[in-house]
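What follows is a set of notes on a single structure, which appears directly below.
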Amino acid sequence: MHTIARRVLVSGVKNADKAWDNYNKSRMKQRAGARMGVPRFKCKGVSRDSFTVPHETTGAYGTYYHEKDPEYARRKAQLKRRGISARPTITDYRHVRLSHLGVIRTHNTTKPLVKAVRAGAQIRSYTVSRAANRWYVSILVELTRPSATPTRAQRSAGAVGVDLGVRYLAALSDEQAPQRFAQYPSLEFTGDGAPTLANPRWARTAEKRLVRLQRALARAQKGSNRRARIVQQIARHHHLVALRRESGLHQVSKRLATGYTLIGLEDLAVAGMTASAAGTIEAPGKRVRQKAGLNRSILDAAFSTLRRQLEYKASWYGSQVQIVDRFFASSQTCSACGARARTKLDLRVRVFECAACGVRIDRDVNAARNIRTEAVRMYEAQLAPGTGESLNGRGVAGSDAAGSVVLGDAALDASRPAATGGGSP
Ligand SMILES: [Zn+2]
């Protein structure tokens, strides 16, 4: 307790308070959404290492160095040589000043933060956290923006349904999507004319490497240095994959939020979209259970990441996000005539064929179209007076005209062990 700053302990107590409050409110049915569990104890090294410091001096470009900062004297001398007598400040987009920790070199640019502060944003808090071998600082700012209205292009494109899957990164309901986004090569369509986004190529390589690492881990002796090293490598691998997935989804969420007025997403708690490794009775798949688990976790991560990104980006670009109910059967319904297929569609069947109207369409595109229809229906039902329902269980995140926004994380330079004081209490 005596080796870390007071604020670190305060942030832990605040988090615990919030968790108990959520739990109690959930128990008393005063809180929407899924039932909250009893808060668990967190400890250093096992839980995610992080701490939050509320409104303290922090920032980038133009922030003064603290007089006790070793960098202060160096910069002061530099200015003096040029005949300038002034307090040295940060003059690039690569440093932040955190109270207690001093000026720290960042890996990512701080330009978005600088721009926000110049536009009048108030810094509310900063959070230092660790993921695998990297330290991150996330700076929460509050900025009032004029309410965004959709552009003419957005309005003409209207609503879109998005179906996240295993076979594709995502299928869209909008047939025009490949042409619409042709100028953005970062958005890779499958190329067969269908509005389906290709799975990123790196994902396969990443899976192979993970399998190799896990095999090595199984062979390593318990308690050995080698085992500890492999555990670290696996953590790092998972983190790098998550970062790549996140940046890929940023491309998708940006295009969706700027391209349409309403984005429908299916809540992926629905089972049965995964497990494509099962095979047949004649040729059973290998390691079916593991692969299904992996697919499941990848999908879950993709869904929650895309949802989070879309919700804040939608508020910037005047669009809306509609989460479609988890029990809504998007893959069994015909998007053309609305007939329900009697049996559940086998996952190996790639094309949806309607027995009622005879339409033939890619099964994922069919699902995306159904999601679009359902999203439009749900959104319009909300607009009707007297329903009084919020957009989702956690409140209408990001759709306020002038809400607070969170800017991206700026990764700290991992080579500088400045933030080692941060075990979450
Ligand atoms: Zn039909």
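General observations
- Which numbered condition E142 misses (of (1) free of Cβ contacts under 8 Å to residues at least 24 places away in the same chain; (2) in contact with a strand residue (DSSP E or B) (Cβ under 9 Å, 6 or more places away or on another chain)): (1)
- Tallying residues that are at pLDDT 70 or above and either within 16 Å of the ligand (Cβ to nearest atom) or open to solvent by less than 40 Å² (accessible area, probe 1.4 Å) (or both) within region 284-337 yields 28.
- Flag for A341 being open to solvent by 20 Å² or more (accessible area, probe 1.4 Å) and within 16 Å of the ligand (Cβ to nearest atom): yes
- Taking each residue of region 343-354 that is part of a strand (DSSP E or B) and looking for partners that are within 15 Å of the ligand (Cβ to nearest atom) and modelled with pLDDT of 70 or more with beta-carbon atoms closer than 6 Å, six or more apart or interchain, yields V351/R360; F352/I361; F352/R363; F352/N366; E353/R360.
- Any hit, region 74-89, residues being assigned to a loop (DSSP other than H, G, I, E, B) and under 24 Å from the mean Cα position of the chain (by Cα): no
- Filter result (β-branched (V, I, T) and either open to solvent by less than 60 Å² (accessible area, probe 1.4 Å) or in a loop (DSSP other than H, G, I, E, B) (or both)) within region 190-230: T190, T196, V211, I230
- In this structure, A19 qualifies as of a type in the set (A, V, I, L, M, F, W, C), part of a helix (DSSP H, G or I), in the same structural domain as S129 (by TED's automatic domain parsing) and within 30 Å of N133 (Cβ to Cβ).
- Whichever residue in region 173-189 is of a type in the set (A, V, I, L, M) and farther than 17 Å from R244 by Cβ and, among such residues, is surrounded by the fewest Cβ atoms within 10 Å (Cβ to Cβ): A182
The values are calculated or read from the model by the stated rules, or taken from the named source; none is laboratory data. The shown structure was predicted, so the numbers you read here are calculated from the model rather than taken from an experiment. Methodologically, a virtual Cβ is constructed for each residue, glycine included, from the backbone with ideal geometry; neighbour enumeration extends over all protein chains shown. What goes into the accessible areas is simple: the full protein's heavy atoms, side chains included, and nothing from ligands, DNA or RNA. Shrake-Rupley method; radii C 1.70, N 1.55, O 1.52, S 1.80 Å.
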